[in-house]
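Before any comments, here is the structure.
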Amino acid sequence: MLERYFVCSDIHDDVEALAQFADYAQAQDADRLLVLGDFSLRPYTSNDLAQLKKTENVPEFIQAKRKHTQNILGEMKDLLENTEIPYSVIPGNYDSNHDIEVVFGDHNLHKKDTKFGEALVYGHGGANAFPHHIGLLVQLREIEILDNQELFDSLERIRPDIALTHTPPHLLCDDQYDGQNMGTPAITQHIVNCAPRLILSGHIHEAGPLGNNPNEAHGIRAFQKPSVDEDITFVLNPGNLGRFEGVHPHTLDPIQKFDYGTFLRVDVMDDGIPTKVIMYSLQTTDRTIGEVKTLAEHSL
Ligand SMILES: [Zn+2]
């Protein structure tokens, strides 16, 4: 049995982009939908922030933030539920696991293992990089922070065939626009030790299918130890589906706009071995949500 997974990440509040992804996946007979974190871009409003500065009432701010975020997450959940396709999610570094758990319940795979067919699957969200307006939420413990040692220990203990992580492995689809590699060595070391079949991660938008990085990472990397009969690990990064913007720390106005709109399909055998990847884009030149176009196809 071959399953078609449709995989996206880094939605960043863009409900319309997620709707197009869900529609397309449904039309293509997807067997499973996976969302790899960063649902939010602005987890609270500029009004909430102004109120906090005025009153210094932290519990009130957290309550307002949770309400605002959970409303948007609820719209996203409805889109995923309406497809009637099995789906799983993990939090990113713009999300709190509390909000994700409240809204998505058992669909949240953060620090949980499960099975897709015969394949053992482990999910682990969060990251260690935070823009200014998210730093506030980190201080208030309303953001999922990645503990590299905990991630490594969990991977080594569970030994999944497939891992869903927000942060990519160091050196594998983690290439920033300036060529720096921002991934976690925790996953890379586990790949060297145990050769899982497939790692799906997002977070570094520029290492997705559009490949806006000098290292020519385009959403797919493979790792194999230099002896003939070792298993290959494929690492896939779907890029950012949503219309991502840099956010002014005080006004929350957009200060810089980036490419967006990518996601992928990966066909996976029952034991977790991927056989084919197709990469898509719905980006347009006028920053609307366009028709889905195929960017690339790879047999693995
Ligand atoms: Zn992101």
TODO: Scan segment 85-96 for residues that are within 16 Å of the ligand (Cβ to nearest atom) and either over 12 Å from the mean Cα position of the chain (by Cα) or within 23 Å of Ala19 (Cβ to Cβ) (or both) and report the count.
DONE: 7
- [ ] Would you be able to tell me the number of residues in segment 29-45 that are surrounded by fewer than 21 Cβ atoms within 10 Å (Cβ to Cβ) and β-branched (Val, Ile, Thr)?
- [x] 1
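Give the residues of segment 235-276 that are in a strand (DSSP E or B) and farther than 30 Å from Phe223 by Cα, sorted by residue number. Spell out how you get there, then give the answer.
Within segment 235-276, the subset in a strand (DSSP E or B) is 235-236, 245-247, 254-257, 262-269, 274-276.
Glu245, Gly246, Val247, Pro254, Ile255, Gln256, Lys257 - these are the residues of segment 235-276 that are in a strand (DSSP E or B) and farther than 30 Å from Phe223 by Cα.
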Task: Identity of the residue in segment 1-44, touching a helix residue (DSSP H, G or I) at 6+ places or on another chain (Cβ under 9 Å), within 16 Å of the ligand (Cβ to nearest atom) and assigned to a strand (DSSP E or B), that ends up nearest to Ile85 (Cα to Cα) - done: Val35
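Within segment 119-210, considering only strands (runs of 3 or more DSSP E) that don't extend past its boundaries, which have at least 2 residues that are within 16 Å of the ligand (Cβ to nearest atom) and within 24 Å of Gln224 (Cβ to Cβ)?
162-165, 198-201
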- [ ] For segment 264-285, name all the residues that are crowded, with 20+ Cβ neighbours inside 10 Å and hydrophobic (A, V, I, L, M, F, W, C).
- [x] Leu264, Val266, Val268, Val277, Met279, Leu282
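Quickly run through segment 194-227 and pick out the residues that are of a type outside the set (Lys, Arg) and under 17 Å from Val121 (Cα atoms). So that I can check it myself, show each step before the final result.
To start, the set of residues in segment 194-227 that are of a type outside the set (Lys, Arg) comprises 194-196, 198-220, 222-224, 226-227.
If the condition is that a residue be of a type outside the set (Lys, Arg) and under 17 Å from Val121 (Cα atoms), then Cys194, Ala195, Pro196, Leu198, Ile199, Leu200, Ser201, Gly202 are the ones that fit.
FYI, it's all coordinate maths here, none of it is from the lab. None of the values given here were measured: they were computed from a predicted structure. Note that each Cβ is placed from the backbone with ideal geometry, even for glycine, and that neighbours are counted across all protein chains shown.
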